[in-house]
């Protein structure tokens, strides 16, 4: 679905827009910028009625469970609210971000005013692993005053356009600041054209997506990467309480391990494989129970395909495990693959995790994956927390939480260790007149 100037357009109209997009952007830049107060009020109004929107009612069609829907929409509502946006601006750009700061040049004593300004035009290439992500990315660009071009993932189902239509109905000036296209990533001409008009490209996705953008972008175009990340849990003997395991199982089952912040597997503070087997046998019934309480929300066809893929993967693992210390513990709609190595890797997903040994003194070895690390759930005694969290942070991990909060968002929390609003703005200085 393509959406420009506040209306849905056809493919033919889209090609005309693409040819003329440079001039359209220049015409917008000639006008007064968006009013941040009006934009904040519009977002607040949207947040108050978001659960009533037809677009949001479509989310269960994407396989979102009722429990995740409740948690997720609560976070989205908070994120879009006026107070949250104001608090985020203050957190990320500073409490007096809208007020220029006076600078004094050393030799001449001349003064200048330094303030934040938009980057200009952002081209967002979004991923489909998190619903409402394209709209969230768009909103982040808008509240920094940027013109935003969104390349939709195929999984969007019209959700982004519907939310944008609601926002524009409250504050019509937004229409010139948001372009939405559903061009395929394989449409090289369209992708390059949109990249050329952008001051920065915001790319969400894995290594292949980032590499493709680097090849496509001009050398002087800024690239803001929210690349693929991997998250895991680290557990000690004293931290494997029923409550801690239930929280971890809930993250695994609600997210189906599809997010960058989802738990892919568990490293244990041991070098004894028997400890790994014992933990897996302890955790499997917990994972099974939580999985039953939170059944898959996929349609029958998707579920059948997913189960077939997982079954085949586990079958291959069992064949490869012969003659090794590796094992597969199978449960109802979930499994635990025990592996003797300590490599970081993604899981089979859909409630199928790995468990591996990794002594705490060897944690720093995970630093070889520093550019891929995001969240670690730490399951340990209170007396061990400071030591282990310090060791985990040295690896490149940027968030440490319990199992349940791994994929949850708190207002003002950084993304991948960075404040997005700082990435979408620049500092400019204007010398005072004589």
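The values are calculated or read from the model by the stated rules, or taken from the named source; none is laboratory data. This one's a predicted model, so the numbers in the text were calculated from it and none came from an experiment. Note: ideal-geometry Cβ built from the backbone for every residue, glycine included; neighbour counts use all protein chains shown.
Taking the listed residues 413, 387, the one that is free of Cβ contacts under 8 Å to residues at least 40 places away in the same chain, loosely packed, with under 14 Cβ neighbours inside 10 Å and within 30 Å of residue 291 (Cα to Cα) is 413, with no other qualifying.
Note on the stretch 178-195: residues that are surrounded by fewer than 21 Cβ atoms within 10 Å (Cβ to Cβ), touching a residue at least 24 places away in the same chain (Cβ under 8 Å) and not in a loop (DSSP other than H, G, I, E, B) total 5. For residue 33, the criteria (1) surrounded by 13 or more Cβ atoms within 10 Å (Cβ to Cβ); (2) part of a helix (DSSP H, G or I) hold in every case but one, which is (2).
Looking at the stretch 250-287, which of its residues are within 26 Å of residue 226 (Cα to Cα) and either assigned to a helix (DSSP H, G or I) or assigned by TED's automatic domain parsing to the domain that holds residue 205 (or both)?
250, 251, 252, 253, 254, 255
Look through the stretch 337-348, keep the residues that are in a loop (DSSP other than H, G, I, E, B) and in contact with a helix residue (DSSP H, G or I) (Cβ under 8 Å, 6 or more places away or on another chain), and return whichever of them is farthest from residue 231 (Cα to Cα). So, considering only residues that are in a loop (DSSP other than H, G, I, E, B) and in contact with a helix residue (DSSP H, G or I) (Cβ under 8 Å, 6 or more places away or on another chain), the one farthest from residue 231 (Cα to Cα) is 340. The criterion of at least 2 residues that are in the same structural domain as residue 45 (by TED's automatic domain parsing), under 21 Å from residue 426 (Cβ atoms) and over 18 Å from the mean Cα position of the chain (by Cα) is met, among strands (runs of 3 or more DSSP E) falling completely within the stretch 68-136, by 101-104, 111-118. Does residue 427 qualify as being within 30 Å of residue 104 (Cα to Cα), in the same structural domain as residue 72 (by TED's automatic domain parsing) and surrounded by fewer than 18 Cβ atoms within 10 Å (Cβ to Cβ)? Here the answer is yes, as residue 427 does meet what is asked.
Determine, yes or no, whether residue 347 is modelled with pLDDT of 85 or more and more than 15 Å from residue 232 (Cα to Cα).
No, not satisfied.
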